[in-house]
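Before any comments, here is the structure.
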């Protein structure tokens, strides 16, 4: 059984305009979590690295640890002592799925350290239950763009094709917005006309993402369920939207609950400098995201902590909302065991981090004696949320 596991989980962008609480895509930006079992049962030591490390709790309230402990509790097993190192690469409280990375990372690490008693599908359902909605945790776990539909007793997960000429671009502001605050402004009821509007636009969005038609994308990103209300919580939204449209983006949406903004644009657009967003001297600019080929591109960060992508926003049906999103390279979990040496995480197969439509959260297990490296298994493209994880068994 592995004693040390490293899990890399991608950021995500949810909603994509009209797909409120049901659609999301993984992005080429990651949080990395390292777990090492200790000899003392129940022991906990957490170290956090990154620009926002001071904002992350290092006790048992930490969401990553809660997800880790939750899985052991579900298995009816004692929670082992563990030392955790967190490498932050996904901005906190910005609508980029930082909480989803913690939930997925904690569950995957615990399942791996417990000798993988749960299937991938079972982990998916545990993640949705902990998060409360599927639009971030599902693409964080499976990668790519995913549509999530609740049925009577389960979830149907449908991979959504994403045309390679659609480049996601993200703009991240200098302020935070909690999901609770973003949900508090939503009305308890909506007019029937607004419901019909969103159903029609979500259908158009799915076809637009598949075909890459600019006219469909510009129309499809409009929404009446959440963005008109949340835009009021994001100062400077209209300025960012105008700058993105002027730069050639097809549309702008709020990424998740915000305040980050997602623009979808054609490739090869030059960067521009929009008006300062919120904080004087922030000097934001939109930067088009790279469009790597499916088999040759190298993994790279699509946006800095205070990124400024370019893309053109679509007409908003009402008050503006936060949105900006990086490229559509998402991650499902693949596991690669490596020898127990410092920096073992660097041994990840690059393919698991770079292919558009084939990127997935990566797990590296360090075994105390020896290990055999296996390339990550490409994500399952069927409706089943159960891609396989290949990991050498410990002697």
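Comparing Cα centroids, segment 1-22 and segment 164-181 end up 15 angstrom apart.
Compute the Cα gyration tensor for segment 11-91, then decide on rounded, prolate or oblate, letting a ≥ b ≥ c be the square roots of its eigenvalues: rounded whenever a/c is under 1.5, prolate when a/b is larger than b/c in the other cases, and oblate in all that remain. It is oblate, given that a/c is not under 1.5 and a/b is not larger than b/c. Remark: the residue 53-residue 156 segment gains 33.5 nm on full extension, using 0.36 nm per residue and subtracting the alpha carbon distance. Each of residue 165 and residue 207 was given a label point 7 Å from its Cα along the Cα-to-Cβ line. The distance between the two points is 1.7 nm. Calculated FRET efficiency, residue 61 and residue 242, Cβ-Cβ r, R0 41 Å, to nearest 0.05? Once the sixth-power term is evaluated, E becomes 0.50.
Peptides 67-78, 168-179, 251-262 ranked from most to least packed by the mean count of surrounding Cβ atoms within 10 Å: 251-262, 168-179, 67-78. State the extension gain, in nm to one decimal, for the chain segment bounded by residue 3 and residue 192, taking 0.36 nm per residue of separation less the distance between their alpha-carbons. Roughly 62.6 nm would be gained on extension.
Cβ-Cβ distance of residue 83 and residue 125, R₀ of 45 Å, FRET efficiency by 1/(1 + (r/R0)^6): the value works out to about 0.95. A protection proxy built from the mean count of other Cβ atoms within 10 Å ranks the segments 232-244, 139-151, most packed first, as 139-151, 232-244. Tell me whether segment 77-136 comes out rounded, prolate or oblate; compute the Cα gyration tensor, take square roots of the eigenvalues as a ≥ b ≥ c, and use a/c under 1.5 as the rounded threshold. Taking the square roots of the gyration eigenvalues as a ≥ b ≥ c, segment 77-136 is oblate.
As a rough guide to protection, the peptides 25-34, 46-55, 116-125 ranked by mean Cβ packing within 10 Å, highest first, stand as 25-34, 116-125, 46-55.
Every read-out reported here was derived from the displayed coordinates using simple, explicitly stated rules and does not represent laboratory data. Fair warning: this is a prediction, and the values are worked out from it, not measured in the lab. Cβ: placed from backbone, ideal geometry, glycine included. Neighbour counts: every protein chain shown.
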